[in-house]
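What follows is calculated from the coordinates using simple rules that are stated; it is not laboratory data. These numbers were taken from a predicted model, which means no experiment stands behind them. Reconstructed Cβ throughout: ideal geometry from the backbone, glycine too, with neighbour counts over all protein chains shown.
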């Protein structure tokens, strides 16, 4: 089947995580994504450690279903070719620091003169407006500025890195959402527009609960595992695996104490209501810590699920890849790369019944599709000269 975005062309001028992830999302849904790269792109600029077969694994994961076109945008000939691509494209994604595209003369205001229907998506650290628009921003900075990092502070310890480029990925998702909203409007009006998203706002979009606690809960400025719910969180088990449970809602609490043989806690004045359990979360979780440590995680998961209480072991990566639900949903996909060989990548998370997304092609080699794309633009006879001049 063809993906829902078949026939949509995307120009991707991106680096690092955020922009490429957004382009990957569109490519997975069938769009033709042309990654524009420098003819003299260094290996390190195509992603970092680890490397397999001389290729960055992260790059290969983020650039499946894309084509690589090399262009020197600092040369007039390269810029002219790029303008021709803009005329034939629907969407442009760029995640350079604000000001970079202006120096190249490739702002939305400039490109919409060439293609008024173009949807131009910008993803930066702080966005295109405001007093910090020119500040550099990456995931770690966005975690701090948005307040997300503060939610990991507990018992006097410093903020804990989340182990993943969270704001990059969430920012990519919001950008893709904005692009699709703008594309939907374009189908009705024929007009494009600019989509302006930032890593800061990606982090802020996840701060609803901490904001509510700050404004309305006494002492709610310090978020931790007891944030607004108890019992809930991660509990260490006898096999040194953590189990995650959520039994805060009244109905779940009733099932939880019955399954655990803790009916006496339901009568304890400290825990007789959800509000009381949350106010006394430290004491309640202390009691549960001493119980969960007595048996392995899988035992407690079985007990919880039998009672209808949400629970899961805290999977490490290896355990996650073997999870029967992950496998059943097609979320671990094996690909063959021309130089790196077999590679496991994540599948397409959202499932469409009629036009599902798919992983069709591996990440491209540098400039792998330059000739193919430029020939379609009518540059076939000029390819050798363009190459000799360093334009491609």
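Miscellaneous remarks
- Sites residue 238 and residue 205 - FRET efficiency at Förster radius 51 Å, r taken between beta-carbons, to 0.05: 0.85
- Whole-percent pair-distance distribution, where bins are 5 Å wide, for the alpha carbons of the stretch 39-89: 4, 17, 20, 20, 15, 14, 9, 1
- Helix 166-189 vs. the chain, principal-axis angle (Cα, 0 to 90°, nearest 10): 60
- Global form of the stretch 120-223, assessed from the alpha-carbon gyration tensor, a/c cut-off 1.5: prolate
- Label-point separation in nm, residue 216 to residue 276, each point 7 Å along Cα→Cβ: 2.2
- Ellipticity estimate at 222 nm from DSSP helix runs (n ≥ 4, -39,500 (n - 2.57)) divided over the chain, nearest 500: -11000 deg cm²/dmol
- Computed over the stretch 276-387, relative contact order equals 10 percent, with contacts defined as Cα pairs under 8 Å that lie 6+ residues apart.
- Overall form of the chain per C-alpha gyration tensor (a/c, 1.5; a/b vs b/c): prolate
- Mean Cα-pair separation over length for the chain, i.e. relative contact order, pairs under 8 Å, 6 or more apart, %: 20
- For the chain, the longest principal axis of the C-alpha atoms and the axis of helix 250-260 are separated by about 60°.
- Angle between the chain longest axis and helix 281-292 axis [Cα atoms, degrees, rounded to 10]: 90
- Between residue 49 and residue 334, the modelled labels are 2.8 nm apart [label points 7 Å from Cα along Cα→Cβ].
- Per-residue packing, averaged as other Cβ atoms within 10 Å, sorts the ranges 328-334, 185-191, 255-261, 205-211 into the order 255-261, 205-211, 328-334, 185-191, beginning with the highest.
- Per-peptide packing, taken as the mean over residues of other Cβ atoms within 10 Å, places 128-138, 359-369 in the sequence 359-369, 128-138 from highest down.
- Here the simple spin-label model places points 7 Å from the Cα toward Cβ, and for residue 150 and residue 84 these points are separated by 5.3 nm.
- Relative contact order computed over the stretch 61-176 (Cα-Cα under 8 Å; 6+ residues apart), in percent: 19
- Of the Cα atoms belonging to the stretch 260-392, the radius of gyration and Dmax stand at 27.6, 84 Å.
- FRET efficiency, residue 385 to residue 317 (Cβ-Cβ, R0 56 Å, nearest 0.05): 0.70
- Annotation: extensible slack from residue 327 through residue 104 equals 75.8 nm (criterion: 0.36 nm per residue apart, minus Cα-Cα distance).
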